[in-house]
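Taking it in order: structure first as structure tokens, then the write-up.
The values are calculated or read from the model by the stated rules, or taken from the named source; none is laboratory data. Computed from a predicted structure; not experimentally measured. All Cβ positions, even for glycine, are placed from backbone atoms using ideal geometry, and neighbour counts span all protein chains on display. Please note that ligands, DNA and RNA were not included when accessible areas were found on the heavy atoms of the full protein model with its side chains. Shrake-Rupley method; radii C 1.70, N 1.55, O 1.52, S 1.80 Å.
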Amino acid sequence: MNVRYKIVAFFVLLFSSCKEEFTPSTIAGKRDLMVIEGYIDTSGDTTVIKLSRTADLQDKFSNTPEAGAYVLITGEDGSSVSAKSDAQGICSLLVGNLNSMQKYRLNVKTGTGKEYQTDFLENKQTPEIDTIGYKIKDIGLQIFVNTNDPSSQTKYYNWTYEETWEVIPPYQTTLGYVDERVIDKREHFYPKRCWQSSTSTEIVLGTSAALSESKLMEEPITYVKGNSEKIDALYSIKIRQFGITKEGYEYLKKMKQNTEQIGTIFDPQPSELKGNIYCTSNPKESVIGFMSSGRVTEKRVFIHRSVKPHGIEWNPPPCIKVLEFANYLNYNYLPVEYALYDNKIRLFVIYATCLDCTILGSPNKPAFWPN
């Protein structure tokens, strides 16, 4: 998200100064645009708001977290919850007592005294996710959702997801490499399986506005390559569904165009982004972000490797053992076994991730894992 917002900041500055000649040095010197990310979840226990500021557009670093900011969520009925952002700019607010039928607004006050605010936001009643499915597409799996709003109140959607997959090393060994020497144990030296996770970074949108029914079928969420380690054993995806307003949808659609689809003259051209968050202490200051509010729904599914068609193109690259040489045995290559080679007992090594799954993930099984 941080890289995306640096690009967005470029277009905000570009269009806000369109009456003057474009000078890269001037734009490169602009920084400190406030970035506010999040969704006021009125159905859960916690709402997370992320605060940061853009760095120079020529910098190679991510946005700077906005620590120590006071974040307040206020309802039209006068109810409120508040908290401060931590060193990473993350503010977790306990919202278990919020009323899903109320409208809420967000207020942020930084340590320097600047204040940012939204108007009272429409509280969208996001419908449940009907099903999460997949279909074979090319050499991989296209993950999709089906959703339906019988009340026809929600027509615009945003989805995020969390992926978790099991990592099972193809080899086991009793040998280890510690303090630059090979040691042997009676039992397996490395865990037999680990778990790795990732979260979505792209913007995933959908709308039923042009349809006769408020129903979305096989709406694409993400694509998993068939030879990916993600589906080499057991894969899980949890999808979160957010009902948003038309204005929120249009904002995210422009952001998606500005950050993901620009590359040729045939692509959509950059659009000015204006969200629903404004600086009350300095109305001329640009703010990046669009805040929405409402009920959030989610669903999780598991997909086993057995769903993959047979074929070598669906298998991850094989692990190959090699005879140990001085330039091989290190923490990138690990000892796997002793074997007879050329009438001598030789040490064979293999790429580290083929033995030690902790390089890729955690040996601690997630609470939701089925076995």
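Any idea which of (1) surrounded by 15 or more Cβ atoms within 10 Å (Cβ to Cβ); (2) out of contact with any strand residue (DSSP E or B) (no Cβ under 6 Å at 6 or more places or on another chain); (3) among the hydroxyl-bearing types (Ser, Thr, Tyr) is the one residue 79 doesn't satisfy?
(1)
Just to be sure before I move on: is residue 77 part of a loop (DSSP other than H, G, I, E, B), over 24 Å from residue 239 (Cα atoms) and touching a residue at least 24 places away in the same chain (Cβ under 8 Å) in the structure I sent?
Judged against the criteria, residue 77 is a match.
Would a scan of the stretch 346-353 turn up a residue that is out of contact with any Asp or Glu (no Cβ under 7 Å at 6 or more places or on another chain), open to solvent by less than 30 Å² (accessible area, probe 1.4 Å) and at pLDDT 90 or above?
Yes: one or more hits.
Going through the stretch 158-197 one residue at a time, which ones are touching a helix residue (DSSP H, G or I) at 6+ places or on another chain (Cβ under 8 Å) and among the hydroxyl-bearing types (Ser, Thr, Tyr)?
The answer is 171, 190.
Take the residues in the stretch 176-197 that are closer than 22 Å to residue 235 by Cα and outside any strand (DSSP E or B); name whichever of them is nearest to the chain's Cα centre (by Cα).
Ranking the qualifying residues of the stretch 176-197, first place goes to 193.
Return yes when residue 99 is open to solvent by less than 40 Å² (accessible area, probe 1.4 Å) and closer than 30 Å to residue 146 by Cβ and no when it is not.
no
Among 176, 140, which is the only one that is touching a Phe, Trp or Tyr at 6+ places or on another chain (Cβ under 7 Å) and surrounded by fewer than 18 Cβ atoms within 10 Å (Cβ to Cβ)?
After ruling out the rest, the residue left standing is 176.
Those residues that are open to solvent by 60 Å² or more (accessible area, probe 1.4 Å) and either in contact (Cβ under 8 Å) with a residue 24 or more places away in the chain or closer than 30 Å to residue 155 by Cα (or both), I need them from the stretch 283-317; list them, please.
Listed by number, the residues that qualify are 295, 298, 299, 300, 302, 304, 305, 313, 315, 317.
Have a look at 173, 147, 160, 112 and point out the one that is in a loop (DSSP other than H, G, I, E, B) and farther than 29 Å from residue 332 by Cα.
112
Of all residues in the stretch 35-77, which are at pLDDT 90 or above, closer than 23 Å to residue 273 by Cβ and touching a Phe, Trp or Tyr at 6+ places or on another chain (Cβ under 6 Å)?
The answer is 35, 39, 40.
To keep it simple, each residue is scored yes or no on (1) within 22 Å of residue 187 (Cβ to Cβ); (2) among the aliphatic types (A, V, I, L, M).
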{"position": "335", "(1), (2)": "yes, no"}
{"position": "359", "(1), (2)": "yes, yes"}
{"position": "365", "(1), (2)": "yes, no"}
{"position": "369", "(1), (2)": "no, no"}
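Would a scan of the stretch 311-334 turn up a residue that is hydroxyl-bearing (Ser, Thr, Tyr), on the phi < 0 side of the Ramachandran plot and not in a loop (DSSP other than H, G, I, E, B)?
Checking the stretch 311-334: at least one residue is hydroxyl-bearing (Ser, Thr, Tyr), on the phi < 0 side of the Ramachandran plot and not in a loop (DSSP other than H, G, I, E, B).
If you check residue 207 against the conditions, is it surrounded by 15 or more Cβ atoms within 10 Å (Cβ to Cβ) and either over 26 Å from residue 146 (Cα atoms) or within 17 Å of the chain's Cα centre (by Cα) (or both)?
The answer is no for residue 207.
Which residues, counting only those in the stretch 220-252, are acidic (Asp, Glu) and surrounded by fewer than 18 Cβ atoms within 10 Å (Cβ to Cβ)?
Residues satisfying the conditions are 247, 250.
List the pairs whose first member sits in the stretch 336-349 and is closer than 20 Å to residue 172 by Cβ, whose second member is outside any strand (DSSP E or B) and of a type in the set (Ser, Thr, Tyr), and whose Cβ atoms are under 8 Å apart, counting only residues at least 6 apart or on separate chains?
Qualifying pairs under 8 Å: 336/171; 336/173; 337/173; 349/328.
For the stretch 125-144, which positions are in a strand (DSSP E or B) and either among the polar types (S, T, N, Q) or farther than 25 Å from residue 295 by Cα (or both)?
125, 131, 134, 135, 136, 140, 141, 142
In the stretch 228-247, which residues are under 30 Å from residue 290 (Cβ atoms) and in a helix (DSSP H, G or I)?
246, 247
Is one or more of the residues making up the stretch 116-124 among the aromatic types (Phe, Trp, Tyr) and part of a loop (DSSP other than H, G, I, E, B)?
Looking for residues that are among the aromatic types (Phe, Trp, Tyr) and part of a loop (DSSP other than H, G, I, E, B), one finds at least one in the stretch 116-124, hence yes.
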